[in-house]
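What follows draws every value from the coordinates through simple rules; no lab data is involved. Everything quoted here is computed from the prediction, not taken from an experiment. Don't worry about glycine lacking a Cβ; one is built from the backbone with ideal geometry, like all the others, and counts go over all protein chains shown.
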Amino acid sequence: MKADPKNVLTGAHYLDGNHACAEGAISAGCKFFAGYPITPSTEIAERFARRIPLLDGVFIQMEDELASMAAILGASWGGARSMSCTSGPGFSLMMENFGLGIMLETPCVLVNVQRGGPSTGLPTLPGQADMMQARWGSHGDYEVIALAPDSPQESYELAIHAFNLSEKYRMPILIMTDECVGHMTEKVVIPPAEEIELLERKYTDKKPGEAWPFEWNGNGQPPMLPVGKGYKFHITGLTHDYRGYPIINAEAQGENVSHLVDKVRNNVDDIIWLEERDIEGADVIMMAYGISSRVMQPAIARAKKEGIKIGQIKMVTVWPFPEKRVRELAEKAKALIMVEMNFGQVYYEMERMAAGKCRTYLVGHAGGTVHDPENIYKVIKEAAK
Amino acid sequence: MKYWRTPLDVDRLKIPRGELHIIKERCKGCGFCVEYCPRGVLKLSDEFNAKGYHPPVAIKPQDCVNCDLCEMLCPDFAIYCLRAEDEPKEVA
Amino acid sequence: MNTKPVNQESQAAEEHHPMENLLRMDRIPHIWCSTCGIGTTVTALAAALEQLKLDLNKVTVVSGIGCTGRVAGYMKLDSFHTTHGRALPFAFGLHIARPDMKTIVFSGDGDLISIGGNHFIHTARRNANITVICVNNFIYAMTGGQVAPTTPISAKSATSPYGNYERPFNLPLLAASSGATYVARWTALHIRRLTTAIKEAITKPGFSFVEVIAPCSTLYARLNKLGTGLDLMKFYHDNSVIRHGIDPREADIDFQSKIIVGKFVDIEKPTYLECLNNGNKKAFGDKYRPYGGVNGNK
């Protein structure tokens, strides 16, 4: 279905990443936002609060992040497209209910505008050090989908994409931006509503009494059951079977958790989104996500001028990690370099996939600022030897 | 029952009567129904159900007035009372 | 353990308890102990729903974690078994998306008031149109009988083995001072008055709070050598005092002493959605279309 023109501010705007993200969500039909202020994500909440009352939606500032995550799950089950936004400390607080969202297979979107951590850290400066937490933050086994925009324009587009992914795969989707992209103001072009493709929520077409909330059939995600239409279904965070009833034994655990994991693993080709440049014949391949993928451009240009055969991959989806692609590239390239604003998180996935077939390097730092391209260039030179 | 003064509507007074149904296998022998039946109709039986509890048995079923207190108090949905034919009231 | 079908249990095909249409019969018998008061409270809720003749498609139950938290799993309504303490914000989100549904939160004292305490006071402050039934058995039963913020002074528990010395919450006072517009307390024994209170709480707009003092035989009664749940019910019988309309400050509960029950608060205040719509109307005037849920006013 197409976006509702009432929601879409078609035109060219000068917006920062957070505002663009909020606009993307509104264009995608998000009608419920429950959040808690935390720098540097608060602008998303504020824009939503300003825009949504005239668009038949609700903004609520909840009492804390735990309540926010719980509330967006409740609203999603009520039928609303819902989202919340936070940063590192709030992300930690939301983990339990994020796990609940995964277990209940609830579509919703959660934005983490990463800042310097750990703990209270650097509220007003960027970091990319929550990536492993995005993957493993909640307890138990599950897979996540995490997107990383590199600009306000991409923040807008990925917000819409996140809502579509959440409906398609029936799970909470993470948007892992950072303070730099969030607070960077650039031109954002919002297309006309009829050019915005939205995925409608798939509800069951079976009658009450014949439909269950988790009919895993290995064939795409189970359709949701609507509340208030006589289905009288039950769902629980306990390990459950297709009926949604708690079943406390190993067999049910096997079926339940396998589904949560397979729903992403079996669909990686559809989910993973990489933007590759100059990979053919490259000796050195750069990998990065978010703002780091832009920061490395001057270093790459300089290396190219010196004749180094260098390619790059921007990971628009960071999770699931592009395992197959990295394994392929490790066979052909001499070195893989990961640029991220942390002391090594997604880097270890790259190194693991390379499996020693090529050299791997990390250009990392503690956060608080973007990389100095000079440092990236130095590592490229080292790798090209 | 003896009345100090015969009520004016005595010919229309009817005592409700109840028909007890006990789902023995669901009972957990808590004894709420036995304790709080206002007519003392129930008693915990000596028989066992599959869980090893003693379900109640109606020792004076004819005294049940369908007050539904057992049905409401039972935590296990194991006893209920249906309305039976009302009995006209006897005046002493 | 929960997969045994109930059909073996019912002795005859025609034994149908009148409340079966509100229960998930494929999951009965439930896990609650013999002489536990939760089943009785569920009966009161079922009776209230039936007597109110509500459209059962439009009622939803949200519960948290704990013995009482299992209620959602046994009621044949759109029901949600959420994380510990977060039933209220989940229900709040659900209610805001669907104000056409009647959202009932049914959870225990530990879940709602301890880990859920923050959410409790805020949802009450907002006067969200949610009905909260809190089964208070003075203990964390499911996890083995630890002390709860409602455990009376000197009561023993797994984590207060020498007697609790922490002052407990007075739940009606907490609810009333946070802004609840309907506050009542009954015991599981006062079954008919409890049913009436639940009916009033459901029909009244705003945050309605019903505390149900219920016996816990396996933990609270056993750890404090109080007998079985039936002995606790007898205690409620002899020691409950009905005092409608008193100041909730006087409704403290001491260990094995008088329990004041009744309807303490029944006032009118605008609900959360009324405040939201009024506030936005003031800000936007005629441009504003009142919010009626994700489906509009359906």
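Taking Cα atoms only, the orientation of helix C:87-97 departs from the longest principal axis of chain C by about 30 degrees. Comparing C:Glu274, C:Glu200, C:Glu211 in a Gaussian network model of chain C where C-alpha atoms under 10 Å apart are linked, the largest mean-square fluctuation is found at C:Glu274.
Relative to the 2.2 N^0.38 Å rule of thumb, the protein assembly as shown has a C-alpha radius of gyration ratio of 1.10.
Ordering B:18-31, A:14-27, C:232-245 by mean Cβ neighbour count within 10 Å, with the highest value first, yields A:14-27, B:18-31, C:232-245. Across all directions, the average projected area of the convex hull around the alpha carbons of segment A:276-384 is 5.9 nm².
For segment C:159-220, chymotrypsin sites (Phe, Trp or Tyr not before Pro) meeting the loop criterion (DSSP other than H, G, I, E, B) and having at most 13 other Cβ atoms within 10 Å: C:Tyr162, C:Tyr165. Counting only other chain Cβ atoms within 10 Å of each residue's Cβ, the peptide A:237-250 averages 3. Under 1.5 on a/c is rounded, so check that first for segment C:61-219, then, if it is not, pick prolate when a/b is larger than b/c and oblate when it is not; a ≥ b ≥ c are the square roots of the alpha carbon gyration tensor eigenvalues. Prolate shape, in that a/c is at least 1.5 and a/b is the bigger ratio.
Shown in residue order for segment C:52-57 are the 3J(HN,Hα) couplings computed by the Karplus curve 6.51 cos²θ - 1.76 cosθ + 1.60 at θ = phi - 60°: 6, 6, 6, 6, 5, 6 Hz (x for Gly and Pro). Net charge of the neighbourhood of C:Asp266, taken over other residues with C-beta under 10 Å away and scored Lys/Arg +1, Asp/Glu -1, is 0.
In loop segments of segment B:13-92 as defined by DSSP, the chymotrypsin sites (Phe, Trp or Tyr not before Pro) with at most 14 further C-beta atoms inside 10 Å of their C-beta are B:Phe48. Taking 8 Å as the Cα distance limit and 6 or more residues as the minimum spacing, I'd like the relative contact order of chain B as a percentage. Across chain B, relative contact order equals 44 percent.
If one puts a single equal scatterer on every Cα of segment A:62-186 and applies the Debye formula without solvent, what log₁₀ I(q)/I(0) results at q = 0.11, 0.15, 0.22 Å⁻¹? Computed log10 I(q)/I(0) values: -0.33, -0.63, -1.34.
By the count of other C-beta atoms within 10 Å, a proxy for reagent exposure, B:Trp4, A:Trp216, A:Trp77 are ordered fewest to most as B:Trp4, A:Trp216, A:Trp77.
For chain A, the longest principal axis of the C-alpha atoms and the axis of helix A:65-77 are separated by about 60°. When both segment A:134-185 and segment A:347-385 are represented by their alpha-carbon centers, they are found 24 Å apart. Entry note, chain A: relative contact order of 17 percent, from Cα contacts under 8 Å with a spacing of 6+ residues. The local environment of A:Arg115, defined by Cβ-Cβ distances under 10 Å, has a net charge of -3 under the rule Lys, Arg +1 and Asp, Glu -1. Per residue of peptide C:71-81, the mean number of Cβ atoms on other chains within 10 Å of the residue Cβ is 6. Rounded, prolate or oblate: pick one for segment B:21-88, where a ≥ b ≥ c are the square roots of the eigenvalues of its C-alpha gyration tensor, a/c under 1.5 means rounded, and failing that, prolate if a/b is larger than b/c, else oblate. Here segment B:21-88 falls in the prolate category. Computed from label points 7 Å out along Cα-Cβ, the spacing between A:Glu276 and A:Thr10 is 3.6 nm.
Counting lysine pairs in segment A:276-384 that sit 8 or more residues apart in sequence, or on different chains, and whose Cα atoms lie under 19 Å apart gives 24. Just so you know, the Cα atoms of chain C work out to an Rg and Dmax of 19.3, 65 Å.
Taking all Cα-Cα distances within chain A, those exceeding 28 Å account for 46%.
Counting Lys and Arg as +1 and Asp and Glu as -1, what is the net charge of the other residues whose Cβ lies under 10 Å from the Cβ of B:Phe77? Result for the local shell: -2. Compared with the dominant Cα axis of chain C, that is its longest principal axis, helix C:229-239 is turned about 70°.
Averaged over the residues of peptide B:54-62, the number of Cβ atoms from other protein chains lying within 10 Å of each residue's Cβ is 0. The GluC sites (Glu not before Pro) found in segment B:40-92 that occupy coil by DSSP, while having at most 16 further C-beta atoms within 10 Å, are B:Glu47, B:Glu90.
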